[in-house]
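K.L.:
Please read through the structure below; I'll follow up with questions.
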Amino acid sequence: MNTFIDHFYILPLIFLALFVGLQLTEKRRFINGIVFNGFLATAVGELAILVFQSDSRNVYYIALAAAIVAFLIILFFYLFGFLLFLWNAYIV
C-alpha cells in the first residue's frame, strides 16, 4: 500500500485536535463549524478506506447499508426543508 493510505488516519486526528483547541478557546466562532465538518469528512473518508481495505463482504454490505440509510435520511430532511420553505413562502 502507499504511504498516503497507511497514514490517512492522522488527518482526522489533526482536525479533531484543532477543533477541540478552537472549541476550548472560543465556542461561538464560525471556524469551529468548518473545522468540525473537516473532521467529519476526513473521518468518513478514513472509514471508507478501511472498509475497502478489508476483504470482508459482511463489512462491505454493512457499510453499504449504512450509507444507503444515511443518504435516505439526508434526502428526507432536504425534502422536508424544501416543503417548509414553500410553506413559509405561502405564509409570508
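The values are calculated or read from the model by the stated rules, or taken from the named source; none is laboratory data. As the structure is a computational prediction, the values presented were derived from the model and not from experiment. Positions of Cβ are backbone-derived with ideal geometry, glycine not excepted, and every protein chain shown enters the neighbour counts. For accessibility, only protein heavy atoms count, side chains too; no ligands or nucleic acids. Shrake-Rupley method; radii C 1.70, N 1.55, O 1.52, S 1.80 Å.
K.L.:
Could you grab me the full set of residues in segment 32-48 that are among the aliphatic types (A, V, I, L, M) and out of contact with any helix residue (DSSP H, G or I) (no Cβ under 6 Å at 6 or more places or on another chain)?
P.N.:
Initial filter on segment 32-48 (among the aliphatic types (A, V, I, L, M)): 34-35, 40-41, 43-44, 47-48.
Within segment 32-48, 34, 40, 41, 44, 47, 48 qualify.
K.L.:
State all residues of segment 24-35 that are surrounded by 12 or more Cβ atoms within 10 Å (Cβ to Cβ) and among the charged types (D, E, K, R); if no residue qualifies, say none.
P.N.:
Once the filter is applied, which keeps residues that are surrounded by 12 or more Cβ atoms within 10 Å (Cβ to Cβ) and among the charged types (D, E, K, R), segment 24-35 yields only 29.
Residue by residue, here is whether (1) β-branched (Val, Ile, Thr); (2) in a helix (DSSP H, G or I); (3) open to solvent by 90 Å² or more (accessible area, probe 1.4 Å) holds:
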position: 17; (1), (2), (3): no, yes, no
position: 22; (1), (2), (3): no, yes, no
position: 37; (1), (2), (3): no, yes, yes
position: 52; (1), (2), (3): no, yes, yes
position: 59; (1), (2), (3): yes, yes, no
position: 64; (1), (2), (3): no, yes, no
position: 84; (1), (2), (3): no, yes, no
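K.L.:
Kindly indicate whether residue 32 is at pLDDT 95 or above and touching an Asp or Glu at 6+ places or on another chain (Cβ under 8 Å).
P.N.:
yes
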